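This report concerns only the one structure given below.
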Amino acid sequence: MTAYDIYKRACTLMFEEAGEDSSFYENFVGILNPLICEALPYENSVRRSEGRKELVTPPEVKLMNDMVDMCGEICNIALPYGVAACFCRDDGELYDSETYRNRFIDALHTAAKVSFSEIEDIYGEGV
């Protein structure tokens, strides 16, 4: 999914038309990158559960047409909510901002996968 796709979803959540707010569009990438960093542990839990290589560093978005290399649940649901929270906060809409922020966190938790691994008994107790 591209950064622009995430932007359009965030606009829809806030009942905005894409491109309507030039400040939102111009600052979108700057807001998206920290959210991607926040989502990295959740993305890695998905990758671990699928047996895929984990990301060492978060994918960095520089342009609106850059691909965001994260799972569908994070790109389609979590990141648009996170972006909406940031822009509502900037507009002074604190209730909406907090609501979107909570939805961002909930979506990250929903996307996360639990993985189990063997634990080595280094003490030889065999409990």
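Quick check on my filter: what residues within the stretch 66-117 are among the hydrophobic types (A, V, I, L, M, F, W, C) and open to solvent by 30 Å² or more (accessible area, probe 1.4 Å)? It would help to see each step written out before you state the result.
Applying the first criterion (among the hydrophobic types (A, V, I, L, M, F, W, C)) to the stretch 66-117 yields 67-68, 70-71, 74-75, 77-79, 83-88, 94, 104-105, 107-108, 111-112, 114, 116.
Once the filter is applied, which keeps residues that are among the hydrophobic types (A, V, I, L, M, F, W, C) and open to solvent by 30 Å² or more (accessible area, probe 1.4 Å), the stretch 66-117 yields 67, 77, 94, 105, 112, 114, 116.
Could you say which residue among 66, 106, 121 is in contact with a strand residue (DSSP E or B) (Cβ under 7 Å, 6 or more places away or on another chain) and of a type in the set (D, E, K, R)?
On the way: 106 fails: in contact with a strand residue (DSSP E or B) (Cβ under 7 Å, 6 or more places away or on another chain); 121 fails: in contact with a strand residue (DSSP E or B) (Cβ under 7 Å, 6 or more places away or on another chain).
That would be 66, the only listed residue that is in contact with a strand residue (DSSP E or B) (Cβ under 7 Å, 6 or more places away or on another chain) and of a type in the set (D, E, K, R).
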Cβ pairs under 6 Å, 6+ apart or interchain, first in the stretch 24-45 and among the aromatic types (Phe, Trp, Tyr), second crowded, with 17+ Cβ neighbours inside 10 Å, ordered by first then second residue, are 24/87; 28/7; 42/108; 42/111; 42/112
Boolean, residue 40 is touching a Leu at 6+ places or on another chain (Cβ under 7 Å) and open to solvent by less than 80 Å² (accessible area, probe 1.4 Å): yes
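Yes/no per residue for (1) in a helix (DSSP H, G or I); (2) under 14 Å from the mean Cα position of the chain (by Cα):
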residue	(1), (2)
54	no, no
59	no, yes
65	no, no
75	yes, yes
82	yes, yes
92	no, no
98	yes, no
103	yes, yes
108	yes, yes
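The values are calculated or read from the model by the stated rules, or taken from the named source; none is laboratory data. Note that the structure is a prediction, hence the values are computed from the model and not measured. So basically every Cβ, Gly included, is an ideal-geometry build from the backbone, and we count neighbours across all protein chains shown. Ligands, DNA and RNA are excluded from the accessible area calculation, which covers all protein heavy atoms including side chains. Shrake-Rupley method; radii C 1.70, N 1.55, O 1.52, S 1.80 Å.
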